[in-house]
Structure formats: C-alpha cells, structure tokens
Amino acid sequence: MFLEVKGAKRTYGSDDNKIQVLKGIDVDLEEGKICTILGPSGSGKSTLLNVIGGLETIDSGEIIIDGINISKLSPKELTKYRRDLLGFIFQFYNLVPNLTVKENIEVCEYLSNNSLDMDELLNILGLYNHKDKFPRQLSGGQQQRAAIARALIKNPKLLLCDEPTGALDYKTSKEILELIQSVNEKYKTTMLIVTHNEAIKDMSHKVIKVRDGLIEESYENETIMPAKDVTW
Ligand code: ADP
C-alpha cells in the first residue's frame with residue numbers, strides 16, 4: 001500500500017480549550033490513485049491532509065507513505081520527506097508575486113534530480129505563452145495552473161490538494177479538474193484532494209467522508225468519470 005494512516009489522533013489546545021480534531025482515522029490508498037476527502041467544515045479534512053503532508057504531527061497512530069513511517073521522523077527528516085516526495089496545491093495559489101511563472105516553477109525545480117521537463121509541463125498546463133508573466137497579470141485559473149506546475153515540476157509521488165478549485169468559477173474549475181486527471185493518468189501521481197465539491201468524487205478512485213474527526217464512509221469507485229463529464 002502506498003499510503004497508510006492508522007489510528008491517527010490529533011488534539012489542539014490544552015486543558016479547557018482542548019479539541020480533538022482527529023479521533024482515530026484510518027486511510028489507505030494505492031499508488032497512482034486519486035482519493036477525494038469530503039466532509040463538513042471543521043470536520044478535520046485539512047488537518048488530515050496536513051499530517052499526511054508532514055506539516056503537522058499526530059499525537060498517536062501511524063502514517064506510512066511509500067514505506068516511510070513519517071510519524072517517527074525528526075523535523076529535519078520531515079523536511080526531506082516533503083521535499084523529495086510531496087507536491088502541495090492550495091486554494092489561493094500561494095505564488096511568489098515578484099517572480100514570473102517560470103521563475104515560480106524553477107524555485108521548486110532544483111529540489112529534485114528527477115524533475116519533469118519544464119517546457120513540456122508548461123505546454124501541458126497551457127502556460128507556455130504566459131511563462132514570463134507575473135502572477136498579477138494572470139487570471140485565477142492561470143495562477144492555479146502555475147501553482148500546479150510548481151507542485152508537479154519535481155515529479156512528486158504524492159500530490160496533496162486543499163480545495164484546488166475553491167476560488168475558481170465553474171468553467172475554470174472544470175478545466176483544472178481535467179488537468180488534474182490528465183496529470184494523474186500521465187505521471188501516475190497519487191493524489192489526495194480535500195474539497196467541498198461533491199462532484200469531484202465521481203472522477204476519483206476512492207472517496208472518504210470525514211465527520212467530526214472520524215471516517216464516516218469510505219468506498220472505491222468501480223468506474224471513473226472523465227473530468228470533462230463531471231457536473232455540479
Ligand atoms: P476542515 O478542513 O474539515 O474544515 P480543519 O482540519 O481545518 O477542518 O479543522 C478542524 C478543527 O480543528 C476546527 O474546529 C479548527 O478550528 C480546528 N483547528 C485546526 N487547526 C487548528 C490549530 N492549529 N489550532 C487550533 N485549532 C485548530
């Protein structure tokens with residue numbers, strides 16, 4: 001199994017302000033699959049993504065990614081894990097404003113000796129003609145494409161997406177979903193997508209519903225819908 005989360009628990013705060021956000025979560029996912037994580041606001045989805053991404057630690061349980069038990073890593077080893085294996089995509093792109101599209105991507109390119117071809121990636125993402133522009137000169141969809149290129153350039157084994165279409169209109173969201181699906185097919189990148197958009201579940205291999213810090217439902221789809229046919 002490429003990704004295994006076993007009995008993950010996480011509490012924030014102390015004494016009277018204690019809140020248990022993850023109450024014993026189990027997830028597994030095979031390599032190359034897309035998994036959508038659904039659930040109401042505050043149910044613990046982002047925290048789950050963040051502990052898998054090594055941005056937060058768990059109090060107990062285990063997280064094993066590609067054979068690495070990340071719950072046992074030192075902060076320095078966690079940094080290496082993030083650098084070597086992971087790509088992140090967020091709702092609000094987080095591009096560096098005074099770097100061009102190409103420069104934003106290059107920041108991450110040097111992190112890997114297994115990086116993808118820059119021009120190929122720019123072409124696939126429809127960014128080639130925008131590569132010398134600054135983020136403020138791009139639409140939201142183009143900025144998200146640039147953020148996706150930045151996450152993908154080092155050819156990560158695992159792509160973590162937190163509300164990747166949350167700030168985009170319907171048409172642009174669909175374009176981004178088509179892109180995410182084609183990247184999954186082309187590069188076999190394993191993907192975890194936290195979203196409020198229920199429609200994304202139809203283009204995922206696996207769907208997990210989180211409620212109040214626990215897995216409420218988990219299932220695999222027998223057929224995967226092409227992203228272009230997903231509607232909401
Ligand atoms: P979701 O992504 O499902 O909306 P989150 O994982 O962001 O849920 O948050 C779950 C709960 O944990 C929320 O009640 C949130 O306020 C709380 N929480 C998240 N991060 C922190 C933090 N760093 N400190 C304290 N509470 C937090």
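Find all pairs meeting these conditions: Cβ atoms under 8 angstrom apart; at least six residues apart or on different chains; first residue within the range 180-196 and within 13 Å of Ile124 (Cβ to Cβ) and touching a residue at least 12 places away in the same chain (Cβ under 8 Å); second residue in a strand (DSSP E or B) and within 16 Å of the ligand (Cβ to nearest atom). Taking only residues 6 or more apart or on different chains, the pairs are Ile180/Cys161; Ile180/Ile193. Go through (1) surrounded by 13 or more Cβ atoms within 10 Å (Cβ to Cβ); (2) under 23 Å from Ala167 (Cα atoms) and name the single condition Val96 misses. Going through (1) surrounded by 13 or more Cβ atoms within 10 Å (Cβ to Cβ); (2) under 23 Å from Ala167 (Cα atoms) one by one, Val96 breaks only (1). Taken over the range 21-45, the criterion of being of a type outside the set (Ser, Thr, Tyr), more than 9 Å from the ligand (Cβ to nearest atom) and assigned to a strand (DSSP E or B) is satisfied by Lys23, Gly24, Ile25, Asp26, Val27, Asp28, Leu29, Ile34, Cys35, Leu38. Against the list (1) surrounded by fewer than 17 Cβ atoms within 10 Å (Cβ to Cβ); (2) among the charged types (D, E, K, R); (3) over 30 Å from Val51 (Cβ atoms), the condition Lys131 fails is (1).
Taken together, the residues in the range 10-52 that are of a type in the set (D, E, K, R) and more than 12 Å from Leu214 (Cα to Cα) amount to 7.
Does Gly126 satisfy the condition of being surrounded by fewer than 20 Cβ atoms within 10 Å (Cβ to Cβ) and without any contact (Cβ under 8 Å) to a residue 60 or more places away in the chain? Yes. For Lys133, the criteria (1) within 14 Å of Pro97 (Cβ to Cβ); (2) in a helix (DSSP H, G or I); (3) among the basic types (Lys, Arg) hold in every case but one, which is (2). Here Ile64 passes the criteria (1) in a loop (DSSP other than H, G, I, E, B); (2) modelled with pLDDT of 95 or more except the one numbered (1).
If only residues of the range 53-93 that are within 28 Å of Thr172 (Cα to Cα) and within 16 Å of the ligand (Cβ to nearest atom) are counted, the one that is surrounded by the fewest Cβ atoms within 10 Å (Cβ to Cβ) is Phe92. Annotation: Leu214 fulfils all but one of (1) under 29 Å from Lys23 (Cβ atoms); (2) hydrophobic (A, V, I, L, M, F, W, C); (3) under 17 Å from the mean Cα position of the chain (by Cα); the unmet one is (3). Condition first: part of a helix (DSSP H, G or I) and under 21 Å from Leu85 (Cβ atoms). Can you find one or more residues in the range 157-172 that meet it? No. Has the range 112-122 got at least one residue that is under 13 Å from Ala146 (Cβ atoms) and crowded, with 17+ Cβ neighbours inside 10 Å? Yes, there is a match, as at least one residue in the range 112-122 is under 13 Å from Ala146 (Cβ atoms) and crowded, with 17+ Cβ neighbours inside 10 Å. Selection of first residues in the range 98-111 that are farther than 15 Å from Leu127 by Cα and of second residues that are surrounded by 19 or more Cβ atoms within 10 Å (Cβ to Cβ) and of a type outside the set (Ser, Thr, Tyr), restricted to Cβ pairs under 6 Å at least 6 apart or on distinct chains, gives the following pairs, ordered by first then second residue: Cys108/Arg150; Cys108/Ile153; Cys108/Lys154; Glu109/Ile153; Leu111/Lys154. Selection of the range 180-232 for residues being assigned to a loop (DSSP other than H, G, I, E, B), aliphatic (A, V, I, L, M) and surrounded by fewer than 17 Cβ atoms within 10 Å (Cβ to Cβ) yields Ile224, Met225.
Summed over the range 99-111, the residues that are in contact with a His (Cβ under 7 Å, 6 or more places away or on another chain) and surrounded by fewer than 16 Cβ atoms within 10 Å (Cβ to Cβ) give a count of 0.
The values are calculated or read from the model by the stated rules, or taken from the named source; none is laboratory data. Quantities reported herein were computed from a predicted structural model and do not represent experimental measurements. Because the Cβ atoms are built from the backbone with ideal geometry, glycine has one as well, and the counts that use them run over all protein chains shown.
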